[in-house]
Amino acid sequence: MTSSATPTAPSDASVLDLAPVVPVVVLHDAADAVPLARALVAGGLPAIEVTLRTPAALDSIRAMAAEVPGAVVGAGTVISPEHVRDTVAAGARFLVSPGWTDALLEAMKASGVPFLPGVSTTSEVVALLERGVREMKFFPAEAAGGTAYLKALSAPLPQARFCPTGGISLASAPSYLALPNVGCVGGSWMVPGDAVAAKDWDRVARLAAEAAALAG
């Protein structure tokens, strides 16, 4: 994964540079996938992480990848080599895990798409650096020490870059994005459950636009 990025070339890009915020999406109905993705892209958030927490996840990834050209659709909660295989086959263009093992890491490396293995301790970060991985998910961000922890890591481990996820809000995101070792944050506040249930895609687009504006 390199440091330059455009939404149209994620295989050659860093997920961390696509947008300041990566929406973390949990979908219970794949029929909502396309209109939700269109709303997020319209709001300025092209990178969308669809978590593998529901039976609708793979169909949602497949639909977004096929029908929303501006979306860079990724898979989250990837915890096995089988998840890697199935999500890439469905069209996922990046992978995010809450943690990692050597077997999972090797599968993600072999997938041909960018990936963010999850870490929450200094030792995990050092172990990934030792394996040639410099871009990671910091999870669960707030519970694992938040901005203070990441700031403390930046001096001894400046080569590591992070996408913190877990408990981050519109109010707290700017403090993360101000850190030199943070490329983007993950969050779900722009896809509230009541808006998805009501199919209020205009509201989702407005909330996405607010999040996208954090780049400034």
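The values are calculated or read from the model by the stated rules, or taken from the named source; none is laboratory data. Computed from a prediction, not measured in an experiment: that's the story for all the values here. We work out accessible area using only protein heavy atoms, side chains counted, and drop any ligands, DNA or RNA first. Shrake-Rupley method; radii C 1.70, N 1.55, O 1.52, S 1.80 Å.
Could you tell me the convex hull volume per residue, in Å³, taken over the Cα atoms of segment 81-128?
Hull volume over Cα atoms, normalised by residue count, gives 62 Å³.
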Enumerate the amide H contacts of Phe138 below 5 Å, restricted to partners 5 or more residues apart or on another chain; note that Pro and chain-start residues carry no placed amide H. Val119, Cys163, Thr165
Any idea what diffusion coefficient segment 92-216 gets from Stokes-Einstein, in µm²/s, Kirkwood Rh on alpha carbon pairs, 25 °C, 0.890 mPa s? 159 µm²/s
At q = 0.16 Å⁻¹, what is the log10 ratio I(q)/I(0) for the chain, with the Debye formula run over Cα points and no solvent? -1.01
Heavy-atom accessible area per residue of segment 89-216, all protein chains kept, 1.4 Å probe, expressed in Å², is 42 Å²
